[in-house]
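Since every read-out is calculated from the coordinates, none of them should be taken as a lab result. No experiment lies behind these values; they were computed from the predicted model shown.
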Amino acid sequence: MGLLVIFHPLLRRLYETLRPTSETSLRPDNKVNGGSTYTSVADGDARMNQRASFDYGFALIFLSALHGFSALKVILILYLNFSIATRLPRQFVPAATWIFNIGTLFANELCAGYKFAKIAEFILSAGPGSIEKGTELQNWGKWLDSYGGIMSRWEILFNITVLRLISYNLDYYWSLNRRAGSPLEV
């Protein structure tokens, strides 16, 4: 983690050097002193988009290195949780959030992180298929399971992430009441 704390800002600086945003603007009303620099709204938005694109790409690479192909499972759970917060009718969000996330905790434990080979076996038992296809699908599932990343048992530390998912959904739910609040709040 110490190396990550060092390399993340360095990689961001490199990314900013390779993909620069527009230069800061000169304030037009201060021409006596040679003009002072300030950040316009457009410059701020460009900088935020640049940082967000780097962080998004970095997060995907980091998640893949950490969990291998299991990162797909993590991303699916994150997407489903986000969908609960943003797509369900407002009154159902708290209950659905708690039910989904507590259910995810138990499912992670009972299914041992949803091994791809077990998923393939389940798919094969649910529908008609030949033995050859089943063997190929199960072999592919075993191969995916063999690339678990640095932390192959992602479901162990995911318990802490579940707390953040619940917190995010409930913060989002409560923020819907404050849309008409002060424009100074960030």
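Once you have a ≥ b ≥ c as the square roots of the Cα gyration tensor eigenvalues for segment 68-178, tell me rounded if a/c is under 1.5, and otherwise prolate or oblate according to whether a/b is larger than b/c.
prolate
For Ala42 and Asn139 in the same chain, what is the full-extension length gain: residue separation times 0.36 nm, less their Cα-Cα distance, in nm?
29.8 nm
Length gain on complete extension for the stretch Ser125 to Arg13, per 0.36 nm per residue less the alpha carbon to alpha carbon distance?
Answer, rounded to one decimal: 35.3 nm.
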